[in-house]
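These notes are about the structure you will find just below.
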Amino acid sequence: MFTTPVRRAASLIRAQYGPHINGKFVEGSGVSIPVLNPATNQPITSVTSASASDVASAISSAQELFNAGTWSRAPVLERSKALTRLARLLEARVGELAEIESLQTGRTIREMKVQLGRLPEWIDYFAALVRTQQGFVAPTQGPLLNYVTRVPLGVVAQITPFNHPLLIAVKKIAPALAAGNSVIVKPSELAPITVLEFAELAIEAGIPPSTLQILPGGPETGQAIVSDPRLRKVDVTAGTTAGRAIGSTVGQNLASYTAELGGKAPIVVFGDADLEAAVNGAAFACFVASGQTCVSGTRLIVEDTIYDAFVERFVDKMKSIEWRMGDPMNPKSTMGPLISTSALARAESAISNLPPHAHILHGGTRLTSPSALDAFPLANGNFFPPTLVANVQPSDTLWTEEVFGPIIALARFRGEAEGIQLANACKYGLGAGVWTRDVGRAVRVGRAIEAGLVWVNAHHRNDPSSPWGGMKESGIGRENGIEAFESYSQSKSTIVCTSTPEEMRTKDDWFSEGDDEKRLYHEKVISHYERPRNVGSLPKNDADVGTGCGDVMKLQIRVDENGIISDVKFKTFGCGSAIASSSYMTERVKGLSLEEAGKIKNTDIAQELSLPPVKLHCSMLAEDAIRSAIRDYRSKRKMAQKSGFMDVTQTSSSASVQA
């Protein structure tokens, strides 16, 4: 029997854990929960859950820290450096944390070493992202400078599951910390140890106490956390039923919500797929983590042209996996137990409730004999073999509902359309796999499948830069990438008036006495004469520039209470003919009524200025500019009078046109 690594892993675990609050472990005032090894159902340690008072205390300290700005307003370079230190500390402890992870989840050590070995990448990614984050200046009209930045949300909470305890926690914690939030994490009561130990690494990395706090516990702890109105975001990975309930609570507090929920991933294998690669890939999709992931390939949909050959090889692969199931700490062991006796009972119930038309091709019965690999007593744990059930219909429970175990529904299809139809015949839409050598088909089918993640000739591939989340009942929002980072922050517009004090006194006194209306400034851009052009090829000689030369005219008219244009201001950027046309229009319309000004023709301008035909567009711009400003004035006057908010006796209007 392979036992030495188990003893070493057990020596790394504390005898008792409590909540990690304000930078240290505390006793906690909740109930004590034993943490069991799923391979033996024996206790590893116990954890005191966080009570409602513990939760309130932790959120209060998190809010105080956020308000103080120690982390939330720290220079981004400091936050980035602290996260980088955290990544290096995690990197140094991957080996022992992988052993603890294997011990508390039952997942094989070969899986845990690979998975935890990549976790520093997530912290490094978001450390780099916050360092390179940039705001922008919005193109606001008027004498205003509008710069946009992103700021943290505040105190945020994260609910993480048992199947990937540290992976999913780090996926959520890294962007939340990078954005400057104070973070509360409730790990699963079934596997909380590595997340609690991670909090110690954060303190060692120099992240301030109360920035990251871990509150273990069951549903009562979770409810106390998510119902606190001080939270500005909740991020959960859970089943769809739990996700709905949490979302309802979060919505009452008008907080942001991200949820990665249930899944029933289809694996669509086309007849042109490489058979060996497809079998190996499908086995990985179906049985990694003993099928206890939300993107597990639990619906295997195989084209009829290769159905028999595929199923034969796939069953052989399943037999090989089952034969090598043993001590999860054994590097040769292929698949571990289910997380708990209740999970095992759920798998057995799924088999006992199969409809008559479905039949089991392999597996279906709990493993009780000693392991053929290393004589490990499988009967003591929650070991269930890889199981394949054929002839499952889309209306069957095994097709529509999560089992969260290594039980696969098998169906055959004929043609691309039916394959897509079967893949989408489910309320979930988290992950999916497509196996084909036809690139065009891969693109078509990938686009048609209703899932947030579609792998082609692969599965379970994950990266900190790649958005991860579901469609339909599989959740809302995304983990990973820029989307995750931005979901933990919010945009903030700062609008600065750049007018001089004299200009503000003249134009911005909304409640000034007198008849002048001083706040109806608006620029309307029209481009009836805008044409694609190659600026670099424009002639330098003004006389040679024809239609589409890029002239721009901007004007403002002021109209008195009698509808007479009292003032005109033109700004023209362009050739001499354009400047002459705008100057002529300035003098021509001043003192005219709106009706009279609107009747001025571009031909009148061209004739008066003796413009050559090649310059007719300049006079057309002047005509279009004045008419546009008149239309804009009338529109604003109508809205103002209709609203009854102001007495419009004199106002101004603007327009801009470009050739």
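The values are calculated or read from the model by the stated rules, or taken from the named source; none is laboratory data. Keep in mind it's a predicted model, so treat the numbers as computed, not measured. Glycine also receives a Cβ, built like all others from the backbone with ideal geometry; neighbour counts cover every protein chain displayed.
Name the residue that is surrounded by the most Cβ atoms within 10 Å (Cβ to Cβ), counting only residues in segment 384-412 that are touching a Phe, Trp or Tyr at 6+ places or on another chain (Cβ under 9 Å) and over 21 Å from Val295 (Cβ atoms).
Looking at the filtered set, the residue picked out is Arg412.
Does Ala277 satisfy the criteria of being assigned by TED's automatic domain parsing to the domain that holds Ala425, outside any strand (DSSP E or B) and closer than 23 Å to Gly262 by Cα?
For Ala277, the condition - assigned by TED's automatic domain parsing to the domain that holds Ala425, outside any strand (DSSP E or B) and closer than 23 Å to Gly262 by Cα - is not met.
Which of the following residues is in contact (Cβ under 8 Å) with a residue 24 or more places away in the chain and closer than 25 Å to Asn280 by Cα: Gly452, Gly477?
None of the others qualify; the one that does is Gly452.
So, Thr221, is that one under 24 Å from Trp468 (Cβ atoms) and touching an Asp or Glu at 6+ places or on another chain (Cβ under 9 Å) or not?
When the stated conditions are applied, Thr221 does not pass them.
Consider Ser248 carefully, then state whether it is surrounded by 20 or more Cβ atoms within 10 Å (Cβ to Cβ) and of a type in the set (S, T, N, Q).
no
Give me the pairs, please: first residue somewhere in segment 334-363 and under 20 Å from Leu378 (Cβ atoms), second residue anywhere and among the small types (Gly, Ala, Ser) and assigned to a loop (DSSP other than H, G, I, E, B), beta-carbon distance under 6 Å, and either six or more positions apart or on two chains.
Hits for this filter: Gly336/Gly106; Pro337/Ala39; Pro337/Gly106; Pro337/Gly381; Leu338/Gly405; Ala347/Gly405; Ile351/Gly364.
Gln490 passes all but one of (1) surrounded by 13 or more Cβ atoms within 10 Å (Cβ to Cβ); (2) at pLDDT 50 or above; (3) outside any strand (DSSP E or B); which number fails?
(3)
So if I check each of Gly218, Gly222, Gly239, which one is modelled with pLDDT under 95, outside the structural domain of Thr334 (by TED's automatic domain parsing) and more than 18 Å from the chain's Cα centre (by Cα)?
Gly239
Applying the selection to segment 91-110, what residues are over 12 Å from Glu197 (Cβ atoms) and either out of contact with any Gly (no Cβ under 8 Å at 6 or more places or on another chain) or at pLDDT below 95 (or both)?
Glu91, Ala92, Gly95, Leu103, Ile109, Arg110
Check every one of the strands (runs of 3 or more DSSP E) wholly within segment 349-425 and list those with 1 or more residues that are of a type outside the set (Asp, Glu), under 26 Å from Leu190 (Cα atoms) and at pLDDT 95 or above.
By residue number, 387-390, 407-413.
If only one of Val234, Val195, Val185 is in a strand (DSSP E or B), closer than 20 Å to Arg118 by Cβ and at pLDDT 95 or above, which one is it?
Result of the check over Val234, Val195, Val185: Val185.
For the condition not in a loop (DSSP other than H, G, I, E, B) and not assigned by TED's automatic domain parsing to the domain that holds Asn146, what is the one hit in Arg444, Arg437?
Arg444
Scan Ser49, Ser61, Ser102 and give me the residue that is out of contact with any Lys or Arg (no Cβ under 7 Å at 6 or more places or on another chain) and surrounded by fewer than 21 Cβ atoms within 10 Å (Cβ to Cβ).
After ruling out the rest, the residue left standing is Ser61.
Kindly provide the set of residues from segment 320-334 that are more than 37 Å from the chain's Cα centre (by Cα) and among the small types (Gly, Ala, Ser), ordered by number.
Those that are more than 37 Å from the chain's Cα centre (by Cα) and among the small types (Gly, Ala, Ser): Ser320, Gly326.
State yes or no: is Thr258 assigned to a helix (DSSP H, G or I), of a type in the set (S, T, N, Q) and crowded, with 18+ Cβ neighbours inside 10 Å?
For Thr258, the condition - assigned to a helix (DSSP H, G or I), of a type in the set (S, T, N, Q) and crowded, with 18+ Cβ neighbours inside 10 Å - is not met.
Conditions (1) of a type outside the set (Phe, Trp, Tyr); (2) farther than 23 Å from Pro385 by Cα, marked per residue:
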residue: Asn37; (1), (2): yes, no
residue: Ser51; (1), (2): yes, yes
residue: Ala62; (1), (2): yes, yes
residue: Leu65; (1), (2): yes, yes
residue: Val76; (1), (2): yes, yes
residue: Ser102; (1), (2): yes, no
residue: Gly106; (1), (2): yes, no
residue: Leu116; (1), (2): yes, yes
residue: Trp122; (1), (2): no, yes
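Would you list the helices (runs of 4 or more DSSP H) that sit entirely within segment 1-118 and hold 1 or more residues that are of a type in the set (Lys, Arg) and over 16 Å from Pro209 (Cβ atoms)?
Because the criterion is at least 1 residues that are of a type in the set (Lys, Arg) and over 16 Å from Pro209 (Cβ atoms), the helices (runs of 4 or more DSSP H) in segment 1-118 that meet it are 4-11, 76-92, 109-117.
Which condition number does Arg8 fail, the rest of (1) at pLDDT 95 or above; (2) loosely packed, with under 15 Cβ neighbours inside 10 Å; (3) not small (Gly, Ala, Ser) being met?
Failed condition: (1).
State yes or no: is Val434 free of Cβ contacts under 8 Å to residues at least 12 places away in the same chain and β-branched (Val, Ile, Thr)?
Judged against the criteria, Val434 is not a match.
Look at Ala56 and say whether it is on the phi < 0 side of the Ramachandran plot, in contact with a helix residue (DSSP H, G or I) (Cβ under 9 Å, 6 or more places away or on another chain) and surrounded by fewer than 22 Cβ atoms within 10 Å (Cβ to Cβ).
So Ala56 fits the description; yes.
Can you tell me which residues in segment 304-328 are among the charged types (D, E, K, R) and either at positive phi or not in a loop (DSSP other than H, G, I, E, B) (or both)?
The answer is Asp308, Glu312, Arg313, Asp316, Lys317, Lys319, Glu322.
Out of Ala425, Ala417, which single residue is without any contact (Cβ under 8 Å) to a residue 24 or more places away in the chain, out of contact with any helix residue (DSSP H, G or I) (no Cβ under 7 Å at 6 or more places or on another chain) and hydrophobic (A, V, I, L, M, F, W, C)?
The match here is Ala417.
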